Structures are given as C-alpha cells and as structure tokens.
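The values are calculated or read from the model by the stated rules, or taken from the named source; none is laboratory data. Computed from a predicted structure; not experimentally measured. Here Cβ is always computed from backbone atoms with ideal geometry, including for glycine, and neighbour counts include all displayed protein chains. Only protein heavy atoms, including side chains, enter the accessible area calculation; ligands, DNA and RNA are left aside. Shrake-Rupley method; radii C 1.70, N 1.55, O 1.52, S 1.80 Å.
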Amino acid sequence: MAATASTTPHSLLLQKSPQNHAFLKLKPNSTTLPLPPAKRFSISCSATLPIQDRPSLQTQSQDRVFNFAAGPATLPENVLLKAQSDLYIWRDSGMSVMEMSHRGKHFRSIIEKAEADLRALLNIPEDYAVLFLQGGATTQFAAIPLNLCQPDDTVDYLVTGSWGDKAFKEAQKYCKPKVIWSGKSENYIRVPSFDGVEQSPNAKYLHICANETIYGVEFKDYPVPRNPNGVLVADMSSNFCSKPVDVTKFGLIYAGAQKNVGPSGVCIVIVKKELIGNAQPITPVMLDYKIHADNNSLYNTPPAFGIYMCGLVFDDLLKQGGLHEVEKKNIKKASLLYNAIDESKGFYRCPVEKSVRSLMNVPFTLEKSELEADFLKEAAKEKLLELKGHRSVGGMRASIYNAMPLAGIEKLVAFMKDFQARHA
C-alpha cells in the first residue's frame, strides 16, 4: 500500500511492512508505529486547513451536565462558546490568546478591557488599583499582611469558616493577628452581631471572608473597623460579582476567579492605592502589590488565557444588566432551593442561620445520612453532578454561582422532591 504525503513540514508517510501492516512514519526518519490497513490518503497539519474546512468543536447544550462544584465551577455557556470560536485565532491577530506575547498590543487590549469592565461592574473608583495575579486567594493570606502591616502590628480576624481560619493562621508568620470572634465552636453557622465583637483599637486591618464556601455563611452587611486608620479586608472568592458591593467600604478585596468569574489560575485584588508601597522588606517580589500595580499586572507573564476568560465573563455580566440584575437572579435561584429544603419536613436540613445563608453555596444534610450515597448516585444519573459536601463537613453542597441557570436549580429541586417521595 502506498500513500501520498503533503509537502508541509508536518507531513506524514504511510509505509507497508513485510507483515502486510501499514506503519505511520514521521519525516524524517522517526520511529514507526503500527496501523491497521487503510486506504490511500493524505494527511496534513490542521494549521494548513482553511478556516471553513476546520472541524467544529461545538457540542450541543443537551450534552452538558448541571455542575454544582464549588470551584472550578460552571461557566456561562455563551462565554464558553465565544472562547471556543476565538480559540484558534483571536480576531485579526493570527494566533490564539494562549500564544500571544503578554506585552503585545493584542493582549494589552484584552487585559485593559477586562479591567475597564470590572471597574464598571463594581463601580471601582480611580484611587483603587485592580490587579490580576496568580497563586489563588490562598497566596493573598500571606501577601495581605506583608503589604499592609509590619511585623509588630496588630490585625483583627473575624472568622466565620475554614477560609477565614486559614487566613489567620498564615498571617501569624508576618504580624500579630488576633481572632476577635470565631464560629468554630458552633460549627460555623452564623455571623455575629458586630456590636458584640471587641475589635483591637490599633488594628491595621479587619479581615473577613465575605462568603464561606464550605459552610455556606455569607455576610449580608459588613463591619466597620474600630481603628479610624484601619481598613476592612475581604476575601470575596465565592461571591465575587454576584451582587453589587460598595468598594469604598473596603481597603482591599481579593477573590479567586474560579468560582464566579473565570477558570482557575487568576486571583483578582482590588486595593486602595494609598495602601500600596509599604511592603515588609522580606516580601517576595511576586507578592509586592507595588510591583504589580506599577506594571499593570504585567510584571511577569500573567495567566493570560484566564484573564481573557474573566474578561468575557465581565462583558457577559454587563450585558445582563449589571450586578443588580445578576443579584435578582441569584436570589430567585437560592430561594427556590432553600424553600425546597425548608419545606421537606426535616428530610433535608440546612444548618446555617437563615439570615446569613449564602446565595452561592447551599449546604444541606439528609435526615437519614445512610441515604447520602444513593442520593449522589441517583443525582449523577440525572446529570446533577458535584453535590457532595466538602470533605471536612460531609453532607451535600450545591454551589449555585452566577452561571448556574435557573433550569439547573429547578431540576435539582424536582429530583430532591422525587427522592424524598421514594425514601421518606
């Protein structure tokens, strides 16, 4: 059997072996691989194919599951399809976003638009810097004390879940943090009355986790630092861009992108500019906010494709009407699910105080815990995935971020009611 070959550098040749089997051989003189007998054909690199001849990668929406994962999490379907259409060649650049120089004009236009759209969404004032960083929100547990205080400075942590606790423990390496309140003894089911919490008079900052992903506890309003020169710092990873926020109440907001605004790999920091430039001498260059602010988040190669995806999400949120409209949708979705839990006569239970239940992460248990495995197995058959609670808590958890459509909640609620009818 003979085979023709394209004249491109990526051409492949088919040759026949003595055992009457075809072999695939790369030019020049590469290792041969056995192939079954095939008809005469020619293969060339897909990069040489005209755009109209390239195979479509788009899948039908009915093939997608409802993904209730806490992060990485579901992304808007239209954003994914837009990224798919741009993946091979972005606009007139002749290349993919993943191939671009981060210092070239094309990527600069991408990151500048992403920042502009985020500023529009959250009404971020000009005296705040917006940084697109790497290392996840967890890296900020160290970066925040390194940038905002000195080793002997006192800072306060109000701990309403695991992430606030982790942030406090990391800060112990770089300053003198104090836990002014913790919900650990109650298994993190509430937010305290701010008037009843004794803050340190000279604390450089007060740190909160605005939405605790694991336990499903969300601040509905925010404390004010006792120290007039102190600032409020918030980890908003799991409710970032889920509702309007008055940025001016905070000195610093940070968020991992992989829950509500993009894929994993990007961490967004919004920080008042006057807080930048006083990092501790031991601060690594990659954790110094001034370095990144002075270089417009381009000091080194950033998570370029992740930033591009965040930009698509920001654009999509603006087209939905902004965060006021997004919040309305999130309230409707969360209410539907919480009502199903509360009206189940104890078959399902949510342990979190109603006043601080998260719009993003809904934990619940089954009255008969022995049914949990069956619940997850049967839910998966209905394309309702990633409902298992965090390993430290157990039970179930439905993460219902911005991109989770109402249809996903409706299907989950219908399944829950059917499961209860069959197992009550």
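Given (1) closer than 30 Å to SER193 by Cα; (2) outside any helix (DSSP H, G or I); (3) open to solvent by 40 Å² or more (accessible area, probe 1.4 Å), identify the lone condition not met by PRO363.
Status for PRO363: all satisfied but (3).
In the stretch 366-387, is there at least one residue being buried (at least 21 other Cβ atoms within 10 Å of the Cβ), closer than 20 Å to GLY71 by Cα and of a type in the set (Phe, Trp, Tyr)?
Scanning the stretch 366-387, I find no residue that is buried (at least 21 other Cβ atoms within 10 Å of the Cβ), closer than 20 Å to GLY71 by Cα and of a type in the set (Phe, Trp, Tyr), so the answer is no.
Filter the stretch 131-159 for residues that are among the aliphatic types (A, V, I, L, M) and over 17 Å from the mean Cα position of the chain (by Cα); which is most open to solvent (accessible area, probe 1.4 Å)? Write out each step before concluding.
So in the stretch 131-159, the residues among the aliphatic types (A, V, I, L, M) come out as 131, 133, 137, 142-144, 146, 148, 155, 158-159.
Narrowing the set further to residues that are over 17 Å from the mean Cα position of the chain (by Cα) leaves 142-144, 146, 148, 155, 158-159.
Numbers: ALA142: 9, ALA143: 0, ILE144: 3, LEU146: 3, LEU148: 26, VAL155: 0, LEU158: 5, VAL159: 2 Å².
In this case the residue turns out to be LEU148.
Is the stretch 76-93 home to any residue that is surrounded by 16 or more Cβ atoms within 10 Å (Cβ to Cβ), outside any loop (DSSP other than H, G, I, E, B) and modelled with pLDDT under 95?
no
Would you check if ASN202 is of a type in the set (S, T, N, Q) and open to solvent by less than 70 Å² (accessible area, probe 1.4 Å)? Steps first, answer last, please.
Numbers: of a type in the set (S, T, N, Q): yes; open to solvent by less than 70 Å² (accessible area, probe 1.4 Å): no.
Here the answer is no, as ASN202 does not meet what is asked.
Please go through the stretch 231-249 and pick out each residue that is crowded, with 24+ Cβ neighbours inside 10 Å and part of a loop (DSSP other than H, G, I, E, B).
First, the residues of the stretch 231-249 that are crowded, with 24+ Cβ neighbours inside 10 Å: 233-242.
Residues satisfying the conditions are MET236, SER237, SER238, ASN239, PHE240, CYS241, SER242.
Taking ILE268 as meeting all but one of (1) more than 25 Å from the chain's Cα centre (by Cα); (2) closer than 29 Å to LEU387 by Cα, write down the number of the exception.
(1)
Determine whether the stretch 84-101 contains at least one residue that is of a type outside the set (Ser, Thr, Tyr) and within 22 Å of ILE270 (Cβ to Cβ).
At the first step, the residues of the stretch 84-101 found to be of a type outside the set (Ser, Thr, Tyr) are 84, 86-87, 89-92, 94-95, 97-100.
Then drop every residue that is not within 22 Å of ILE270 (Cβ to Cβ), which leaves none.
No: the stretch 84-101 contains no residue that is of a type outside the set (Ser, Thr, Tyr) and within 22 Å of ILE270 (Cβ to Cβ).
Do we have any residue at all in the stretch 401-416 that's open to solvent by 10 Å² or more (accessible area, probe 1.4 Å), of a type in the set (D, E, K, R) and not in a helix (DSSP H, G or I)?
Within the stretch 401-416, not a single residue is open to solvent by 10 Å² or more (accessible area, probe 1.4 Å), of a type in the set (D, E, K, R) and not in a helix (DSSP H, G or I).
Can you tell which of GLN140, GLN150 is under 30 Å from TYR174 (Cα atoms), touching a helix residue (DSSP H, G or I) at 6+ places or on another chain (Cβ under 9 Å) and polar (S, T, N, Q)?
Values: GLN150 fails: touching a helix residue (DSSP H, G or I) at 6+ places or on another chain (Cβ under 9 Å).
Being under 30 Å from TYR174 (Cα atoms), touching a helix residue (DSSP H, G or I) at 6+ places or on another chain (Cβ under 9 Å) and polar (S, T, N, Q) holds for just one of GLN140, GLN150, which is GLN140.
Of the conditions (1) open to solvent by less than 40 Å² (accessible area, probe 1.4 Å); (2) under 28 Å from LYS332 (Cβ atoms), LYS220 clears all except one; give me its number.
Of (1) open to solvent by less than 40 Å² (accessible area, probe 1.4 Å); (2) under 28 Å from LYS332 (Cβ atoms), only one is false for LYS220: (1).
Return yes or no: is LEU384 at pLDDT 95 or above and within 15 Å of LEU336 (Cβ to Cβ)?
Here the answer is yes, as LEU384 does meet what is asked.
Being buried (at least 21 other Cβ atoms within 10 Å of the Cβ), within 22 Å of the chain's Cα centre (by Cα) and not in a helix (DSSP H, G or I) is the filter here; which residues of the stretch 303-352 pass it?
PRO303
So for the stretch 262-282 (the condition being without any contact (Cβ under 8 Å) to a residue 12 or more places away in the chain and either closer than 19 Å to ILE144 by Cα or in contact with a strand residue (DSSP E or B) (Cβ under 8 Å, 6 or more places away or on another chain) (or both)), does at least one residue qualify?
Going residue by residue through the stretch 262-282, those that are without any contact (Cβ under 8 Å) to a residue 12 or more places away in the chain are 281.
Okay, now just the ones that are also either closer than 19 Å to ILE144 by Cα or in contact with a strand residue (DSSP E or B) (Cβ under 8 Å, 6 or more places away or on another chain) (or both), so 281.
For the stretch 262-282, residues without any contact (Cβ under 8 Å) to a residue 12 or more places away in the chain and either closer than 19 Å to ILE144 by Cα or in contact with a strand residue (DSSP E or B) (Cβ under 8 Å, 6 or more places away or on another chain) (or both): present.
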